[in-house]
Amino acid sequence: MTSPARRSGRAMSRPAWPPRVLREYALLADGERGAVIGPDGTVTWLCAPRWDSPAVFASLIGGQGGYAVTPADPWHVWGGYYEPGSLIWHSRWVGDAVTECREALARPADPHRVVLLRSVMALEGGTRVRVLLEPRGSFGRTGVRDLARSRGIWTWRCGPIRFRLSGAGRARPGAAGQDLAMMLRLEPGQQHDLVLEISDRPLDGPPPDPGAAWAGTQEAWSSAVPDCTDLIAVSDARHAYAVLAGLTSASGALAAAATTSIPERLESVRNYDYRYAWIRDQCYAGLALAAHGPHPLLDGTVRFITDRVLADGPDLMPAYTVAGEPIPGERGLRLRGYPGGTVRTGNRVRDQFQLDALGEALQLLAAAVRLDRASPDTWQAARVAAAAIGKRWADPDAGIWELAPQRWAHSRLACAAGLRAMAAAAGHSAGTAARREAGEWSSLADQIMASLSDVTHATGRWQRAPGDERVDAALLLAVIRGAVGPGDPRARATVQAVADELGDDGFVYRFRQDTRPMHEAEGAFLLCGQWMAQAAHALGDEAGAARWFERNRAACGPAGIYTEEYDVHQRQLRGNLPQTFVHAAVLESAVRLSGPPGPAAAG
């Protein structure tokens, strides 16, 4: 069934995996970390043991490390698909034979141990499949040591990280002892299982049984993801939910993306580390989940936000690690980088104040109350967030786009929406204290709304900030989240201005950067395109909502993975993947557009 790799075969002993365009990558994720896999069957990115750990496979960004399972015959075409409602991926190659590799990160996840399952199948005809494994530590800078084989199982270390590979007993080390290679020969109908374990703790006990690991993973996905048959675009809505589930840690935090340093614009400085939990993104995801129903995934999202608000109050940071810790400061790594970018870890956002995050937190907590998923801590967190808004709403902040501090219109509108949502939730309470708080929160929302005269444009729409007359796609959220009703003329004028000034071929840009054509400054934001769909729906424009939704949900590759931006001019994905808030927006749009036109339910 297997044969040793030829020691003289350079391609077998010295793997080299060039980068691919982003639309060709798929994601495997188990909640605690994510792997990026290319069309040649190479896992080019995996951080272990958790999202923000150093990468053990870093070839995606120009480092060393990867794990390939791919047909030996290059005369084939590639495809792939997810099993519905899961992140169990099938790479599929069609040539003289038809070969598939079923792959997943095993669930339920162990926060200290990654289990990467790969099952190679010869569906039609016999096939030869190359297995190439080049493990590394510290983004490719730490090599292999203590490589050993016992009873057909390979073990080794890269710095503090331990590895164990089952199902590759006949693999052979490369000349330098830093990689393993094997040729699988499969007869028609045969399959072969590979199990790779990666841990920051000793790998004691026997390796996982592949059959049991696959069964447990299937069951975990089946219980985590609803069928979404009540929604439009059922498969895309369900897949968006699966991606959110795959990005959600046991702490309840969602990683904003699995990767770091994938450039948002080629040959620019705009590439960042998104392997952390942004408060705003967390709330967007929670509100999308809440729009569909009281799913268990919502509870963890609310819990994480509650804990962070109670811990930090008016000093709430924009982002944390998924464990709730402060994220490290930004630093560069001396790697080649994904084409067009440089490599960074950490994020400078830790030093910013983002007022809108407090408003978004209130909106999420109100949704939890409305769905009867609130605890006493939820109410206390709401009080803390409201008090923080009362203390800081007039302060300049970095805003949603993390820019130089201004009194951003969107930040104030987000706070007003959150206060009104929480006031509506408290107003339904039987308690006198809650009703009193509801009045106080409503009054504060009115005060904030009254301050918006300094960001009302001469044309009747809102503008970005005092002294900045440009329109901003983030201002669409005012009508989506209920800061104002759909009949407010400022909201209608703003929605029209965003469509006219920031729309391009069915996509939407955040704001106009300068006098250049918009596509030369940055890509369209897929999040903003989904906001346009929801805003049009809130205003009763069903046809317009459908057009925006359909155009933007198509901006992905075969795996249905969205990045932050879409290059309208070159029709390419840009930025880290998968971008949590885009998947959340796809799910929420599917929910909103499945209901009658008009504003969303209060709260």
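Only one residue of ALA109, SER119, TRP89 has its Cα farthest out toward the positive end of the dipole of the stretch 20-129, where Lys and Arg carry +1 and Asp and Glu -1 on Cβ, and that residue is ALA109. Applied to the stretch 494-503, the Karplus parametrisation 6.51 cos²θ - 1.76 cosθ + 1.60 on θ = phi - 60° returns per-residue 3J(HN,Hα) values of 5, 4, 5, 5, 4, 4, 6, 9, 10, x Hz, with x for Gly and Pro. In order along the stretch 135-148, the Karplus-derived 3J(HN,Hα) couplings, from 6.51 cos²θ - 1.76 cosθ + 1.60 at θ = phi - 60°, round to x, 8, x, 6, 6, x, 8, 10, x, 7, 9, 6, 5, 8 Hz, and Gly and Pro are given as x. Peptides 341-350, 388-397, ordered by how many other C-beta atoms sit within 10 Å of their residues on average, highest first, read 341-350, 388-397. For the stretch 517-576, the alpha-carbon coordinates run over 32, 30, 16 Å along the three principal axes, in decreasing order. When you filter the GluC sites (Glu not before Pro) in the stretch 210-304 for DSSP loop state and at most 14 other Cβ atoms inside 10 Å of their Cβ, you are left with GLU267. When the P(r) of the stretch 252-390 is calculated, the portion above 23 Å amounts to 37% of the C-alpha pairs. Between the amide H of TRP408 and those of ASP397, distances stay under 5 Å, these residues lying 5 or more places away or on another chain, with hydrogens modeled in the peptide plane.
Here the peptides 330-337, 242-249 are ranked by packing, the mean other Cβ count within 10 Å, and the order with the highest first is 242-249, 330-337.
In this structure, the amide hydrogen of GLY540, modeled 1.01 Å from its nitrogen in the peptide plane, lies closer than 5 angstrom to those of GLY598, counting only residues at least 5 positions away or on a different chain.
Dipole check for the chain: with +1 at the C-beta of Lys and Arg, -1 at the C-beta of Asp and Glu, and the Cα centre as origin, the magnitude is about 1720 Debye. The convex hull drawn around the Cα atoms of the stretch 99-239, when projected onto a plane and averaged over every direction, covers 10.8 nm². Converting phi to 3J(HN,Hα) with the Karplus coefficients 6.51, -1.76 and 1.60 and the offset θ = phi - 60°, the stretch 72-89 yields 5, 7, x, 7, 7, 10, 9, x, x, 6, 8, 5, x, x, 8, 10, 8, 9 Hz in sequence order, with x at every glycine or proline.
The ratio of the alpha-carbon radius of gyration of the chain to the globular-protein estimate 2.2 N^0.38 Å is 0.98.
Peptide packing: for 145-155, 577-587, the average count of neighbouring Cβ atoms within 10 Å per residue gives the ranking 577-587, 145-155, highest mean first. Each stretch of four or more DSSP H residues adds -39500 (n - 2.57); spread over every residue of the chain, this sum gives -10500 deg cm²/dmol at 222 nm.
Read-outs: derived from the displayed coordinates by stated rules, not from any lab. A quick note: this is a predicted structure, and the numbers were derived from the prediction, not measured. Using ideal geometry, Cβ is built from the backbone for each residue, glycine included, and neighbour counts are taken over all protein chains shown.
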